[in-house]
Amino acid sequence: MLFFTMDKGGNYRKEEHERIGRHYALPMISMKNVLWPMMQAGEIAWTDFEADEVHPNDLGHSYCSQMLTGFMEGVRVALPQEKDLPAIPPMPQPLISDIFEHTRIYNAGSLSPVLNENWEAGTDDVMFGIGWKTNVPGSALKFIVEGDAVSVLFWRIKGPMGRAEAWVDDREPVTLDGWFDAEWGGYTVFQLVGRDLGSGKHTLHIRLLDQANPGSAGHEFQLRAVMSAGLDK
């Protein structure tokens, strides 16, 4: 399902999504193809079906549902008898990389840090389980993980949130900002920390920084999960 932004009807990541969809012969549905001509004709306004610059409101979700169910019904009625179904073709070679073919995700119940300075059990998230949290600048975590790429998930919301830095082995750190300037709530952020690391074990470091975002009044940081990719299986 391809969504679009209010900026002159541009698709969000249109080129990347369509390129992957075409390579793997995936069916694609575009809200823009249906709604943008109606907007241009003055039949509907962006604020009628979108809650902000990209997220649908109740009416927008209804449109998504209608487009998806309509498409699936068209596929269903066009299906041949089971005996006449064509063979499923093999998967094509990866378009970009197969590094994310075999992955793992860890929380506090499945991965223990080899170093823990001032971090405690975090929120019991319905999707990711219990992670780690702290509000003490300088607090450090260190994990040993395997794989060719290492990523983290962390919580971001407009609240008293801090910034952390994460790095793998002796590579350059990346900054993780737990604060952002939006009123619609919070969300879990994916951040790639390092890739092309080589197979085997690697050390992931995380440290809460002294300086938070200028818009934040605190230093809380919630690490939801640690992820690795490029595994043998």
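The values are calculated or read from the model by the stated rules, or taken from the named source; none is laboratory data. In this text the structure is predicted, and so the values were computed from the model without any measurement. Quick reminder, even Gly has a Cβ in these numbers, built from the backbone with ideal geometry, and neighbours come from all protein chains shown.
From the list Arg19, Arg104, exactly one residue is within 21 Å of the chain's Cα centre (by Cα) and either of a type outside the set (Lys, Arg) or over 30 Å from Arg207 (Cβ atoms) (or both). Which is it? Only one candidate passes the filter, namely Arg19.
Are any of the residues in the range 200-215 in a strand (DSSP E or B), closer than 22 Å to Thr123 by Cβ and among the polar types (S, T, N, Q)? Checked the range 200-215: no residue is in a strand (DSSP E or B), closer than 22 Å to Thr123 by Cβ and among the polar types (S, T, N, Q).
Of all residues in the range 87-103, which are surrounded by fewer than 10 Cβ atoms within 10 Å (Cβ to Cβ) and touching a helix residue (DSSP H, G or I) at 6+ places or on another chain (Cβ under 7 Å)? Of everything in the range 87-103, just one residue is surrounded by fewer than 10 Cβ atoms within 10 Å (Cβ to Cβ) and touching a helix residue (DSSP H, G or I) at 6+ places or on another chain (Cβ under 7 Å), namely Pro92. Is it the case that Met67 is touching a helix residue (DSSP H, G or I) at 6+ places or on another chain (Cβ under 7 Å), within 17 Å of Pro27 (Cα to Cα), not assigned by TED's automatic domain parsing to the domain that holds Glu183 and not aromatic (Phe, Trp, Tyr)? Against the criterion (touching a helix residue (DSSP H, G or I) at 6+ places or on another chain (Cβ under 7 Å), within 17 Å of Pro27 (Cα to Cα), not assigned by TED's automatic domain parsing to the domain that holds Glu183 and not aromatic (Phe, Trp, Tyr)), Met67 qualifies.
Checking Pro160, Pro113 one by one, the residue that is surrounded by fewer than 16 Cβ atoms within 10 Å (Cβ to Cβ) and over 21 Å from the mean Cα position of the chain (by Cα) is Pro160 and no other.
Cβ-Cβ distances below 6 Å connect the following pairs, each with a first residue in the range 131-144 that is crowded, with 22+ Cβ neighbours inside 10 Å and in a strand (DSSP E or B), a second residue that is charged (D, E, K, R) and at pLDDT 95 or above, and a separation of six or more residues or different chains: Gly131/Arg224.
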